[in-house]
Amino acid sequence: DVQLVESGGGTVQAGGSLRLSCAGSGYTYISNFMAWFRQAPGKEREGVAAIHQRPGTASYTDSVKGRFTISQDNAKNTIYLQMNSLNPEDTAMYYCAADIASGTWYAWSSYKYWGQGTQVTVS
């Protein structure tokens, strides 16, 4: 069974930083893509960043470029999202996703597996 577990969320003041982690389970499991999405109350789910496991190239939505960095540790089937210069607009539930069956990296319907989410609140 494939399981994704997010951690690292919390409450920070505007301008602060936070690092999220997503650990994927599975014996030597490596997905083709892993990604971070977020969803705020009353808003649509938004693709934030994604990384292709081979060769490890990254993509970002425009609103987080220069502030967020996605990285990976393939040996641990884990991805990270380093978030700097956080704004109140970044407040959302952040979800980890893995494995594109069909579609683009930034579409939530493209992914086969999802974690339960971790809350990020910026005051």
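Expressed as cubic angstrom per residue, what is the convex hull volume of the alpha carbon set of the range 78-123?
Values: hull volume 4.2 nm³, N = 46.
It comes to 90 Å³ per residue, whole-number rounded.
How large is the convex hull of the C-alpha atoms of the range 1-110 per residue, in Å³? Please list the in-between numbers first.
Numbers: hull volume 11.3 nm³, N = 110.
Per-residue hull volume (Cα only) is 103 Å³.
Going Cα to Cα from Lys112, which aspartates and glutamates come in below 18 Å? Please leave out same-chain ones fewer than 8 positions away.
Lys112 reaches Asp1, Glu6, Glu46, Asp99.
On the accessible surface of the chain, probed at 1.4 Å, how many percent belong to carbon and sulfur atoms?
Working: 3100 of 6420 Å².
Solvent-exposed carbon and sulfur of the chain make up 48 percent of the total.
The values are calculated or read from the model by the stated rules, or taken from the named source; none is laboratory data. Every value quoted in this text rests on a predicted model; they were computed, and no experiment measured them. Just the protein is used for accessible areas: all its heavy atoms, side chains included, with ligands, DNA and RNA removed. Shrake-Rupley method; radii C 1.70, N 1.55, O 1.52, S 1.80 Å.
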